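The values are calculated or read from the model by the stated rules, or taken from the named source; none is laboratory data. The structure displayed is predicted, hence computed values, not measured ones. Glycine gets a Cβ as well: all are built from the backbone with ideal geometry, and neighbour counts include every protein chain shown. The protein model used for the area step is the full one, side chains on, heavy atoms only, and it has no ligands, DNA or RNA in it. Shrake-Rupley method; radii C 1.70, N 1.55, O 1.52, S 1.80 Å.
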Amino acid sequence: MKKIFFKSIAFAAAAIATFTLSSCDDSDNNMMDMSFQRTITFENVVAPKDFVQSGSFQGTGNPPIILPGQSVSITFSAGKTQALMFATMYGASKDWFFASQQPGIKLFDGNGIAITGDVSSSVLLWDNGTKDNMTGQAESKPIMQVPNVNASQLMKLNLAYNNVTSEFTLTITNTSGGTANETPFSPGVWAVSNYNGSQLLNSTPFFMPNTLSNPEITDIAQMGNITKMMTKLTANTGIMTGLSPALVVVYRGDKNPIYELGKADTGMGLKEIAQAGNVTKLQNSLKALPNVKGVYVAGSAPVAPGNKVMTNFKADPGDKIAYATMFGFSNDWFYANEQMIEANSKGDITSKTTLFDSGTGVDQYPGAGNRQALFGGTPQSENMVISKVGSFYPVPPVQNVIKVTVN
């Protein structure tokens, strides 16, 4: 009986051992088979606006008109190819206004050098065509240049330029005093058109010569009232940007291998992404790190508003992902995930994304800086730590520029 019992125990032990070994083999195979693949997508969702900057100007009196002998100045940012358009009423008229030719006052010469000094020859005097010049009765004629009046004798324009910030200051002086066309100037408006890398988004701001006028410029030309135009400009002014191809890294550990907030750039290649959208150097640097399991690139060209790029990546349980893409219309900014992201995450992860300043180039107004890659420039070098982009410039919220999803 004992022999039968011990034989039974021995058989059971052997069966358990066999099952255990079999289970271990299956577990190992399952562990090896637990690798997964995801697709990460980067979409540029920014709403393009006609103007990168706009504003108004007025005199200091009451009413705030600009009398003969008085001046007013406006400061604005611009990069190569951009121009400044402004408009103000010729006060001693029924419906005349001052403005330049389209798309505005030229700010850079053919060599990309800022134009400074007297640019009065840029201003012209226009007849809005909505009132008879003698009787003031309503009429409907196209906007035409006023003949036989030299606008540059009535208004002096002077440009000054700050090369570091890429800021211009335009001083408008009423020089009409003592002329046959002495006149006050009304409060006025100004704007700089957005540039998308190949052309201005609005090359005919405010009005179209040789066509019928619009309500906004009519209010300026007839009454010196800028309210309607400012409402329109405000609704159509905003910073926009392209994005660069996005770099994605799969890694192990608790330290993001792309950047460290509050620390200076390590020289591994983040600077090249943040300044020029070039991912190659960082891609190669990351591949050499022991905790990096894979480096991927989404896209091969700038990502314009309304477009998206994506890439597949392979990972294992416990892996994490990080990413970076340039805020294209900046000197050295980049989007990256601030929070850790598990590689097996799914869905919209935009909320984990933050806009950072790499600290490697002096900032200028986004989309309006002569040293930005958008205009073929190279940022002026600086040596600051990586930080979050603050509110100095009116940059749209992250979710209004980029959308990041994993599926």
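Remark: pairs (first residue in the stretch 269-297, under 20 Å from Q364 (Cβ atoms); second residue part of a helix (DSSP H, G or I); Cβ separation under 7 Å; 6+ apart in sequence or on different chains) = L270/L282; E272/K281; E272/L282; I273/L282; Q275/A373; A276/A373; G277/A373; N278/E272.
If you check A180, A87 for being surrounded by fewer than 20 Cβ atoms within 10 Å (Cβ to Cβ), small (G, A, S) and on the phi < 0 side of the Ramachandran plot, only one passes: A180. Looking only at residues of the stretch 157-196 that are in contact with a helix residue (DSSP H, G or I) (Cβ under 7 Å, 6 or more places away or on another chain) and among the aliphatic types (A, V, I, L, M), we find that the one that is farthest from F57 (Cα to Cα) is L157. Return a yes/no flag: does the stretch 144-162 have any residue that is touching an Asp or Glu at 6+ places or on another chain (Cβ under 6 Å) and open to solvent by less than 50 Å² (accessible area, probe 1.4 Å). Among the residues of the stretch 144-162, at least one is touching an Asp or Glu at 6+ places or on another chain (Cβ under 6 Å) and open to solvent by less than 50 Å² (accessible area, probe 1.4 Å), which makes the answer yes. Look at the stretch 217-254 and say how many of its residues are within 29 Å of the chain's Cα centre (by Cα), over 30 Å from N307 (Cβ atoms) and surrounded by fewer than 21 Cβ atoms within 10 Å (Cβ to Cβ). Within the stretch 217-254, residues that are within 29 Å of the chain's Cα centre (by Cα), over 30 Å from N307 (Cβ atoms) and surrounded by fewer than 21 Cβ atoms within 10 Å (Cβ to Cβ) number 4. Among the residues of this structure, A304 does not count as one that is within 23 Å of V46 (Cα to Cα) and either touching a Ser or Thr at 6+ places or on another chain (Cβ under 6 Å) or surrounded by 21 or more Cβ atoms within 10 Å (Cβ to Cβ) (or both).
Buried (at least 16 other Cβ atoms within 10 Å of the Cβ) and in contact with a strand residue (DSSP E or B) (Cβ under 7 Å, 6 or more places away or on another chain) - does that describe any residue in the stretch 108-117? For the stretch 108-117, residues buried (at least 16 other Cβ atoms within 10 Å of the Cβ) and in contact with a strand residue (DSSP E or B) (Cβ under 7 Å, 6 or more places away or on another chain): present.
Per this entry, K314 is not counted among residues that are out of contact with any Ser or Thr (no Cβ under 7 Å at 6 or more places or on another chain) and surrounded by fewer than 21 Cβ atoms within 10 Å (Cβ to Cβ). Is it the case that some residue within the stretch 184-194 is open to solvent by 60 Å² or more (accessible area, probe 1.4 Å), modelled with pLDDT of 95 or more and not hydrophobic (A, V, I, L, M, F, W, C)? No; the residues of the stretch 184-194 include none that is open to solvent by 60 Å² or more (accessible area, probe 1.4 Å), modelled with pLDDT of 95 or more and not hydrophobic (A, V, I, L, M, F, W, C). Highlighted here are the strands (runs of 3 or more DSSP E) found entirely within the stretch 61-119 that include at least 2 residues which are closer than 23 Å to A180 by Cα and touching a Phe, Trp or Tyr at 6+ places or on another chain (Cβ under 7 Å): 83-90, 96-100. Restricting the stretch 163-175 to residues that are in a strand (DSSP E or B) and not hydrophobic (A, V, I, L, M, F, W, C), the residue that is least open to solvent (accessible area, probe 1.4 Å) is N174.
State whether the residues of the stretch 377-394 include one that is aromatic (F, W, Y) and farther than 20 Å from L243 by Cβ. Within the stretch 377-394, one or more residues are aromatic (F, W, Y) and farther than 20 Å from L243 by Cβ.
Only residues that are open to solvent by 20 Å² or more (accessible area, probe 1.4 Å) and in contact (Cβ under 8 Å) with a residue 60 or more places away in the chain were counted across the stretch 378-388, and they come to 7.
Conditions tested, residue by residue: (1) of a type outside the set (G, A, S); (2) in contact with a Phe, Trp or Tyr (Cβ under 7 Å, 6 or more places away or on another chain).
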| residue | (1), (2) |
| --- | --- |
| Y296 | yes, yes |
| G299 | no, no |
| F329 | yes, no |
| D348 | yes, no |
| D357 | yes, yes |
| V385 | yes, no |
| V389 | yes, yes |
| Y393 | yes, yes |
| P396 | yes, no |
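Evaluate the stretch 35-53: report whether one residue or more is modelled with pLDDT under 95 and either surrounded by 13 or more Cβ atoms within 10 Å (Cβ to Cβ) or of a type in the set (D, E) (or both). Looking for residues that are modelled with pLDDT under 95 and either surrounded by 13 or more Cβ atoms within 10 Å (Cβ to Cβ) or of a type in the set (D, E) (or both), one finds none in the stretch 35-53, hence no.
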